[in-house]
Every structure is written in C-alpha cells, then in structure tokens.
C-alpha cells in the first residue's frame, strides 16, 4: 500500500482559530471521513458563500486551482491521501473525471464506504481505525489497474526534476505526446505540464516556510520562471494571493497547503 498511499491520518478535538481555510493544489486525491456529525462546506473563492455541502464521506479529486473549505471546532476526521499515481487502482474510473470536484463518496464506492465510516465511528482505539481503513483499501485494490511503467517514469521525473527539463522529459516518452496526456489524465488526472507546475509551486511553499527574509527575485529564477511577473501570476493562480500578500498574511508560518482566511487574532 505504501506505493499508492501518501498518508492516512486521524484527528479528534481539533480547535482551529478560523472557520474557512484555503487549500492549494498538491497533486493528491483524498477520501475524507467526518466522524463528528458536522456538515462541511466548500465556498465560492471570490464571495466565500457556501456552494457545496458534505456529510459522512466525500472525495476530493485532483485540483489545479485552490479550494475554500470550512473548518470546525471539535472536529474529528479520518483522511486517506493517495499519492499522485495511487488512486486509480482503488477508484477504478479515469481520475480526470474527478478533476476540480468534491463529490459524495457513495457515488464512487456505494454503501461499502458508509460501512467503513460506521466501523471507524464505533472504534475507539485509533490504531484499530487505521486497520479498518487498510483492510478496506486492500479489498478495493486491483494491481492490474496500476499505471503503465512508461507513464510512471515520466511522472517520477517531473516530480524530481526542475521545470526547465519538462520538454526533454516529455520528449523521452516512447509514444506520442497525445498518448502521454491521455495516460496521465486516466491514471493521474492532470496533464504532465500542469503537474510539473503544481509540484514546483509546492516546492516554493516548502522553501519559504518559516523564512523571515525572502528575495522574490532569487526565488523567481531559482525555480525557473521567465521573470517576476510570470512568478507572481502563477503564485496567485495556485494560492489566490500574490507573494507579498501571502507573506503579509503570515501564511508562510502556517502549515503548507492550508491557509486560514478568517483567522481570529
């Protein structure tokens, strides 16, 4: 399972200092289980008015834009985070069909996902909750639906190498670029170029985390942007903020990928 699952985590009694947070794209698909009976919302990114309601279990697909979600007091949740390459053998539909969507999990998994939630809900010991989830994942898993090795090789390279090498990486694929894009959409969700940009953005977030002094011009060229306006445009596309707004809001001192929009302080 380690080859397919990025992480499985559980928390209880979480008390955030905000009620709405922004999630930036990371290249992962999530199954999210609420165990506290609280309804969750997604929000319009501009007006911050609710535009989606979720209970029990839902799936967040591959996103190439940021998402605004609710955060609740005394939350109890269980989350399965798939690796970029990992969801298809469990979900068993082309991953691009879930792009930029949050859907109820029963649409994909039927009643079995609600049965898993019931198990998690009535299990007190956290370790046992993880065992229930792992058993469910093992039953769902079909190794024959793993991505072809040629597509995996391209994905591994764009995860590891700078974006300046993107063209050479894509050109190394033994079939056509059109075929590569089809394979990526089916098994991973997004195109190679979009993934490369998302991976770069997340590397920047790690790079600036907890830094007190930043030189944006250095970051611009270190991460392969053509100029500072290109960097600012892409930073805002993925986060909703220009870099200086991001720092002024102190987001670089928060957890990467989750940023409070209405922090009480």
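Residue by residue through segment 204-234, note down the ones that are within 20 Å of residue 28 (Cβ to Cβ) and surrounded by 15 or more Cβ atoms within 10 Å (Cβ to Cβ). It would help to see each step written out before you state the result.
So the first thing to find is which residues in segment 204-234 are within 20 Å of residue 28 (Cβ to Cβ), and the list is 204-207, 209, 234.
Correct list: 204, 205, 234.
Go through segment 158-175 and give me each residue that's more than 24 Å from the chain's Cα centre (by Cα) and in contact (Cβ under 8 Å) with a residue 24 or more places away in the chain. Steps first, please.
Looking only at segment 158-175, we keep the residues that are more than 24 Å from the chain's Cα centre (by Cα), and these are 167-168, 171-175.
If the condition is that a residue be more than 24 Å from the chain's Cα centre (by Cα) and in contact (Cβ under 8 Å) with a residue 24 or more places away in the chain, then 174, 175 are the ones that fit.
Among the residues of segment 245-265, what is the count of those that are in contact (Cβ under 8 Å) with a residue 12 or more places away in the chain, out of contact with any strand residue (DSSP E or B) (no Cβ under 8 Å at 6 or more places or on another chain) and surrounded by fewer than 16 Cβ atoms within 10 Å (Cβ to Cβ)?
Counting residues in segment 245-265 that are in contact (Cβ under 8 Å) with a residue 12 or more places away in the chain, out of contact with any strand residue (DSSP E or B) (no Cβ under 8 Å at 6 or more places or on another chain) and surrounded by fewer than 16 Cβ atoms within 10 Å (Cβ to Cβ) gives 4.
State whether the residues of segment 91-102 include one that is under 14 Å from residue 33 (Cβ atoms) and in the same structural domain as residue 32 (by TED's automatic domain parsing).
yes
Taking the conditions exactly as written (surrounded by fewer than 18 Cβ atoms within 10 Å (Cβ to Cβ) and under 18 Å from the mean Cα position of the chain (by Cα)), does residue 101 satisfy them or not? Break it down into steps so the answer makes sense when it comes.
Numbers: surrounded by fewer than 18 Cβ atoms within 10 Å (Cβ to Cβ): yes; under 18 Å from the mean Cα position of the chain (by Cα): yes.
Yes.
Residue check, residue 17 against (1) crowded, with 16+ Cβ neighbours inside 10 Å; (2) within 17 Å of residue 76 (Cα to Cα), all met but one. Which one?
(1)
Is it the case that segment 146-155 has a residue that's within 30 Å of residue 55 (Cβ to Cβ) and under 21 Å from the mean Cα position of the chain (by Cα)?
Within segment 146-155, none of the residues are within 30 Å of residue 55 (Cβ to Cβ) and under 21 Å from the mean Cα position of the chain (by Cα).
Report whether or not residue 64 is part of a loop (DSSP other than H, G, I, E, B), surrounded by fewer than 18 Cβ atoms within 10 Å (Cβ to Cβ) and under 13 Å from the mean Cα position of the chain (by Cα). Outline the logic, then answer.
On the way: part of a loop (DSSP other than H, G, I, E, B): yes; surrounded by fewer than 18 Cβ atoms within 10 Å (Cβ to Cβ): yes; under 13 Å from the mean Cα position of the chain (by Cα): yes.
Spelling it out, residue 64 is indeed part of a loop (DSSP other than H, G, I, E, B), surrounded by fewer than 18 Cβ atoms within 10 Å (Cβ to Cβ) and under 13 Å from the mean Cα position of the chain (by Cα).
Report, by residue number, each residue of segment 27-46 that is out of contact with any strand residue (DSSP E or B) (no Cβ under 6 Å at 6 or more places or on another chain), within 21 Å of residue 240 (Cβ to Cβ) and either at pLDDT 95 or above or surrounded by 17 or more Cβ atoms within 10 Å (Cβ to Cβ) (or both).
Hit for segment 27-46 is 27, nothing else.
Does residue 47 count as more than 30 Å from residue 147 (Cα to Cα) and assigned to a strand (DSSP E or B)? First the steps, then the outcome.
Working: more than 30 Å from residue 147 (Cα to Cα): yes; assigned to a strand (DSSP E or B): no.
So residue 47 does not fit the description; no.
Looking at (1) in contact (Cβ under 8 Å) with a residue 60 or more places away in the chain; (2) touching a helix residue (DSSP H, G or I) at 6+ places or on another chain (Cβ under 8 Å), can you tell me which one residue 112 breaks?
Of the numbered conditions (1) in contact (Cβ under 8 Å) with a residue 60 or more places away in the chain; (2) touching a helix residue (DSSP H, G or I) at 6+ places or on another chain (Cβ under 8 Å), the odd one out for residue 112 is (1).
Have a look at 72, 96 and point out the one that is surrounded by 15 or more Cβ atoms within 10 Å (Cβ to Cβ), out of contact with any strand residue (DSSP E or B) (no Cβ under 9 Å at 6 or more places or on another chain) and at negative phi. Lay out the reasoning, then the answer.
Values: 72 fails: out of contact with any strand residue (DSSP E or B) (no Cβ under 9 Å at 6 or more places or on another chain).
From the options 72, 96, the qualifying one is 96.
Please indicate, with yes or no, whether at least one residue in segment 82-93 is outside any loop (DSSP other than H, G, I, E, B), free of Cβ contacts under 8 Å to residues at least 24 places away in the same chain and loosely packed, with under 15 Cβ neighbours inside 10 Å. Outline the logic, then answer.
Looking only at segment 82-93, we keep the residues that are outside any loop (DSSP other than H, G, I, E, B), and these are 82, 88-91.
Then keep just the ones that are free of Cβ contacts under 8 Å to residues at least 24 places away in the same chain; that gives none.
Within segment 82-93, none of the residues are outside any loop (DSSP other than H, G, I, E, B), free of Cβ contacts under 8 Å to residues at least 24 places away in the same chain and loosely packed, with under 15 Cβ neighbours inside 10 Å.
Can you name every residue in segment 164-180 that is in contact with a helix residue (DSSP H, G or I) (Cβ under 7 Å, 6 or more places away or on another chain), surrounded by 10 or more Cβ atoms within 10 Å (Cβ to Cβ) and more than 11 Å from residue 192 (Cβ to Cβ)? So that I can check it myself, show each step before the final result.
Taking segment 164-180 first, the residues in contact with a helix residue (DSSP H, G or I) (Cβ under 7 Å, 6 or more places away or on another chain) are 166, 169-170, 173-174, 177, 180.
Filter once more, keeping what is surrounded by 10 or more Cβ atoms within 10 Å (Cβ to Cβ): 166, 169-170, 173, 177, 180.
Listed by number, the list is empty, since nothing qualifies.
If I filter segment 256-263 for residues that are touching a helix residue (DSSP H, G or I) at 6+ places or on another chain (Cβ under 8 Å) and within 30 Å of residue 94 (Cβ to Cβ), do I get at least one hit?
The answer is yes; a qualifying residue exists.
The values are calculated or read from the model by the stated rules, or taken from the named source; none is laboratory data. Values in this document were obtained by computation on a predicted structure and should not be read as measured data. Cβ coordinates were reconstructed from backbone atoms using ideal geometry, including for glycine residues, and neighbour counts include every protein chain displayed.
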